[in-house]
Amino acid sequence: MPRTSRRAFDIDLAIERLRQAVRAFPRAMLFQLYADGFTSPFEILVACLISVRTRDETSLAMARRLFAQARTPAALAEMDINAIDALIDRAGFHLIKSEQINTLARLLVEENAGELPCSFEVMTSFPGIGPKCANLALGIACGQPRIGVDIHVHRITNRWGYVSGRTPELSMRALETTLPERYWVEINALLVPFGKHVCTPTAPKCSTCPLLDMCARRGVETHR
């Protein structure tokens, strides 16, 4: 595909087009869980932990299976680590995650009266919880303006030329200065399905991409 002249990147138009483009695809896993009624910060944080290095489809099934047995810090603190592990055994690094989930639950019971506060500092103090999961829990379950930068958000916003960040953390900082706050939570909900089905890591579907006229296609060597 020959390169044509590119229009300036209009984030409002991009978001409008993305909303239309992802309608046919399954929702990002954490947003689907929230829509299904798993709305507490604790549930979203635990589900995000399960999802690390695991496909959305698998993560969603594992989170649902776990929450069918226990949904609160008190309930999960009472569960044996092996019992937790048996429920999330298809997730990547499931035994480590089972230990981290149990530790998170026990610490909340012991130190926070069994409640997870909507606090970035508190969330990231627990084993296995980084900025991405904390921000997603705060944005989805707490209603805070936070940007959850996973690999899709990192890759695509850099591919657009909208930001330049060598790591997801650097991309998050760049987006916090360039992306209008009204899109901070939604950007993850849009770019996860868009990144899985259109703007894929290799051979993205540029020929049918609704953002082609704005995209710098940084790092794209082969495409469809």
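The values are calculated or read from the model by the stated rules, or taken from the named source; none is laboratory data. Values in this document were obtained by computation on a predicted structure and should not be read as measured data. Reconstructed Cβ throughout: ideal geometry from the backbone, glycine too, with neighbour counts over all protein chains shown.
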Handout entry: Subset of the range 89-105 that is touching a Pro at 6+ places or on another chain (Cβ under 9 Å) and crowded, with 19+ Cβ neighbours inside 10 Å - its residue that is farthest from ILE129 (Cα to Cα)
Key = ALA105
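Here is a yes/no grid of residues against (1) outside any loop (DSSP other than H, G, I, E, B); (2) among the polar types (S, T, N, Q); (3) under 14 Å from ALA14 (Cα atoms); (4) in contact with a Ser or Thr (Cβ under 8 Å, 6 or more places away or on another chain):
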{"site": "ALA174", "(1), (2), (3), (4)": "yes, no, no, yes"}
{"site": "LEU190", "(1), (2), (3), (4)": "yes, no, yes, no"}
{"site": "PRO193", "(1), (2), (3), (4)": "yes, no, no, no"}
{"site": "THR202", "(1), (2), (3), (4)": "no, yes, no, yes"}
{"site": "ASP213", "(1), (2), (3), (4)": "no, no, yes, yes"}
Completion exercise
Considering the range 65-98, residues that are assigned to a helix (DSSP H, G or I) and basic (Lys, Arg), and then whichever is farthest from ASN112 (Cα to Cα), we arrive at ARG65
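For ALA74, indicate whether it is surrounded by 17 or more Cβ atoms within 10 Å (Cβ to Cβ) and in contact with a helix residue (DSSP H, G or I) (Cβ under 8 Å, 6 or more places away or on another chain).
Values: surrounded by 17 or more Cβ atoms within 10 Å (Cβ to Cβ): no; in contact with a helix residue (DSSP H, G or I) (Cβ under 8 Å, 6 or more places away or on another chain): yes.
Criteria not met by ALA74.
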Completion exercise
Among (1) crowded, with 16+ Cβ neighbours inside 10 Å; (2) within 24 Å of ASP56 (Cα to Cα); (3) assigned by TED's automatic domain parsing to the domain that holds ALA75, THR157 falls short only on (3)
Practice task
Please indicate, with yes or no, whether at least one residue in the range 50-68 is surrounded by fewer than 20 Cβ atoms within 10 Å (Cβ to Cβ), among the charged types (D, E, K, R), touching a residue at least 24 places away in the same chain (Cβ under 8 Å) and over 30 Å from HIS223 (Cβ atoms).
Solution key: yes
Problem - Inter-residue pairs, beta-carbon under 8 Å, first among the charged types (D, E, K, R) and in the range 139-152, second assigned to a loop (DSSP other than H, G, I, E, B), 6+ apart - result: ARG146/TRP184; ARG146/VAL185
